Every structure is written in C-alpha cells, then in structure tokens.
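Asks: Encoded as structure tokens, here's the structure I'll be asking about.
The values are calculated or read from the model by the stated rules, or taken from the named source; none is laboratory data. Everything quoted here is computed from the prediction, not taken from an experiment. Cβ sites come from the backbone with ideal geometry, for glycine too, and all protein chains shown count toward neighbours. Only protein heavy atoms, including side chains, enter the accessible area calculation; ligands, DNA and RNA are left aside. Shrake-Rupley method; radii C 1.70, N 1.55, O 1.52, S 1.80 Å.
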Amino acid sequence: MGNKERAKERREKRRQEISFLRTIPYSDHQRWWSSDTIAVVTGANRGIGFEIAHQFALHGLTVILTSRETKVGEEAAKVLQQGGLNVVFHQLDVVDPFSIELFADWVKQTFGGIDILVNNAGVNFNAGSDNSVEFAEKVICTNYFGTKNMIKTMTPLMRPSASGARIVNVSSRLGRLNGRRNRIGNLSLRQQLEDDDSLSEELIDQTVTSFLEQVKDGSWTSGGWPQVFTDYSLSKLAVNTFTRLMSRVLSDRPEGQKIYINCYCPGWVKTAMTGWAGHTSPEEGADTAVWLAFLPDQFVSGKFFAERREINY
Ligand code: NDP
C-alpha cells in the first residue's frame, strides 16, 4: 500500500471515530453552557463558519452569526432561525476597525459580553500548484491581523465564569512552524518564533511585515518563506504563533476570569475557498472548533489541533 492510500485509510478511520464520538451526547456534568451562553462566529455566512454557528445553535447556545455582507449574513441566519435555532445576525468585517468597533459596542449593549469567540473569517487566493502573492496583503490582513484585532477587541468583553471563556482560531496545517515540506527556511527566525522566551507580538508582526515588504520589492521568492501558498501559509503561521502567545498572556488572569485560546486545522474542506475540492465536508470541518469550544473539564490552552487531537505547531 502506498503512502497516499495509507493516509486515506487513516483519514477514513478517524472520520468514523469522530462520527461515533459525535453521537455521544454531553452529560449534564460536562455541559457548562446553556441558552445564555453567547458564541460569536466570524465569516459565518457560508462554509465552515456557517457550520460552526449551526452546530453551536444545535447545542442550544445563543449564536451571533456575523458576516461582512449584511444581506448574505441575514439570509444565512434566517436559514438557521427557520430551523428554530437561536441565532442573531450582525455585520462584521474583520479588516475594518470601524466595523469591529460598532460590533463590539452592539454586543456590549445587547448581551453585556460573550463567552465564545471563533475566528473563522479567512481568505486564500491560490489553488492547486499556484503560488501567486498578488493578494498577499489582503491575505495577511484578513487572516492574521483580522484575527488579532478581533481577539484584542473582544477579550475585554469575555464574561467571567467558572468554566472560562473560549477562543478558537480556525487555522491550517500549512501554517506549521516545522512542517516537513512547507516551512520558513530561516532556522534562526523559526527558532525565535518557536521559543516562548523570544516569541512576541512584535516578532510576529515583523515577520509578516518583512514578507509583505519583500512582496512589494519583488525579492520574496528568495526570502526563505513557506513554498506552498506562501502568503496564506505565513498568515496561518502567524495565527498559530499568536495563539500560543495569547495563551501565555491570558494565563495570568485570575480564577473565574480565565480565557482559554486554541487553534485548529479543519482539514481539506469542500468549500468555496477550495473550489469545493477536498476530503471533508464543512460539517466535519466544523467539528473540532465546536469540540474545542466545549472542552468540559480539562482546561487546555495555547495548543494546535486537528480532528480532535493535539498536533505539533
Ligand atoms: P469560505 O471561503 O467558504 O469562507 C470564508 C468566510 O470568511 C466567508 O464567510 C467570507 O465572507 C469570510 N470572510 C473573508 N474575509 C472576511 C472579512 N474581512 N471579514 C469577515 N468575514 C470575511 O472558506 P472556508 O469555510 O473554507 O474557510 C473558513 C476558514 O477555514 C478560513 O479561515 C480558512 O482559512 C480555514 N481553512 C479552510 C480550509 C479548507 O480546506 N476549506 C483548510 C484550512 C483552513 P464572504 O462570503 O463575504 O467572502
């Protein structure tokens, strides 16, 4: 059996395990959430984000489904509302500071705060073997800075609770620091990003900014950046490292005000982003986000997951 077949077999086995796990209901003891629990999902008008919102709502949460386009977002929310689910819509463009500010004010006034934030909104303009950086700035701004700005704005609005508030960042294995076939070539930079003592927000920002500068002056091809979907991989690498960093920053919070933050890769999912190519349905791609947000009694933070298992950064 070749490597591809073995990988396919492993994927199929894990898929079956997860579909079985999903049939086991959470016990009353595990269920820390209720209809008063407020979950925000970014980029939830379609794809994985829509499914995350759907699954949260099926578990009885109050879901704030957000989308940058009001009309499509309202339509998406209507689909869930017509199924009797507790879903409200609000406009949110994660690259627009004004939109984020309006959203945060509305959340504060309407609900007082939130319990779960899923940073799902993202873009990618490459497919197959393409590796264009034509939209690099948009990719880095949406996937990394958008996620970061949402975390910074929403963290003060996360409500205190005994079980802790949760942030889940939808990332990708393409953003692994030590991916075997796709990683930053500069060993010293990789080590600095890997080492908790040298990791800082400035370092992550400098890394993506230096890439964008090289895109502008045309020198990026010899910059030692990830080789596959370079802009996208780097944006998700930044999301992953920022997740680790934030977990450390947030760990200082006192008991009762904890916030746990993790990231995950949904797999290769059949959505608009992949031109509906992939191994996985949006429903399956959403599963680990919901599972992570619900983790009942083990307070996990700063980790990277795929298919309900921790994986290496
Ligand atoms: P889709 O393209 O279907 O969904 C992306 C969503 O993000 C859309 O709702 C889109 O809105 C929204 N979005 C884009 N830019 C913004 C913005 N500035 N503000 C708010 N929302 C925005 O793709 P997926 O569902 O596949 O992707 C969801 C997440 O999963 C992304 O972060 C992606 O990187 C990640 N991912 C996906 C994989 C896959 O195989 N599909 C693999 C690994 C990670 P609009 O409809 O207006 O464009």
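Asks: Give the stretch 128-150 a look and list any residue that's among the aliphatic types (A, V, I, L, M) and either within 11 Å of the ligand (Cβ to nearest atom) or in contact with a strand residue (DSSP E or B) (Cβ under 7 Å, 6 or more places away or on another chain) (or both), or say none. Spell out how you get there, then give the answer.
Replies: To start, the set of residues in the stretch 128-150 that are among the aliphatic types (A, V, I, L, M) comprises 133, 136, 139-140, 150.
Once the filter is applied, which keeps residues that are among the aliphatic types (A, V, I, L, M) and either within 11 Å of the ligand (Cβ to nearest atom) or in contact with a strand residue (DSSP E or B) (Cβ under 7 Å, 6 or more places away or on another chain) (or both), the stretch 128-150 yields VAL139, MET150.
Asks: Considering only the stretch 1-31, state which residues are exposed (fewer than 12 other Cβ atoms within 10 Å of the Cβ) and outside any helix (DSSP H, G or I).
Replies: MET1, GLY2, ILE24, PRO25, SER27, ASP28, HIS29, listed by residue number.
Asks: Being within 12 Å of the ligand (Cβ to nearest atom), at negative phi and either of a type outside the set (Lys, Arg) or open to solvent by 30 Å² or more (accessible area, probe 1.4 Å) (or both) is the requirement here; does GLU255 meet it? It would help to see each step written out before you state the result.
Replies: Working: within 12 Å of the ligand (Cβ to nearest atom): no; at negative phi: yes; either of a type outside the set (Lys, Arg) or open to solvent by 30 Å² or more (accessible area, probe 1.4 Å) (or both): yes.
So GLU255 fails the test.
Asks: Which one is farthest from the ligand (Cβ to nearest atom), of the residues in the stretch 94-127 that are open to solvent by 40 Å² or more (accessible area, probe 1.4 Å) and among the charged types (D, E, K, R)?
Replies: The residue in question is LYS108.
Asks: Quick one: which of THR155, THR147, THR142 is touching a residue at least 24 places away in the same chain (Cβ under 8 Å) and surrounded by fewer than 20 Cβ atoms within 10 Å (Cβ to Cβ)?
Replies: It is THR155.
Asks: Pick from the stretch 281-305 the residues that are open to solvent by 20 Å² or more (accessible area, probe 1.4 Å) and not in a loop (DSSP other than H, G, I, E, B): which of them is nearest to THR37 (Cα to Cα)? I'd like the intermediate steps shown before the answer.
Replies: To start, the set of residues in the stretch 281-305 that are open to solvent by 20 Å² or more (accessible area, probe 1.4 Å) comprises 281-284, 291, 296-301, 303.
Subset that is not in a loop (DSSP other than H, G, I, E, B): 282-284, 291.
Working: PRO282: 23, GLU283: 21, GLU284: 23, TRP291: 15 Å.
Here the answer is TRP291.
Asks: Sort out for me the strands (runs of 3 or more DSSP E) sitting completely within the stretch 36-129 that have 1 or more residues that are farther than 23 Å from THR280 by Cβ and β-branched (Val, Ile, Thr).
Replies: 38-41, 62-67, 87-91
Asks: I would also like to ask the following. What's the total number of residues in the stretch 55-76 that are within 16 Å of the ligand (Cβ to nearest atom) and over 15 Å from VAL168 (Cβ atoms)?
Replies: Residues of the stretch 55-76 that are within 16 Å of the ligand (Cβ to nearest atom), as a first pass: 55-56, 63-76.
Remaining after also requiring over 15 Å from VAL168 (Cβ atoms): 65, 67-76.
So the count comes out to 11.
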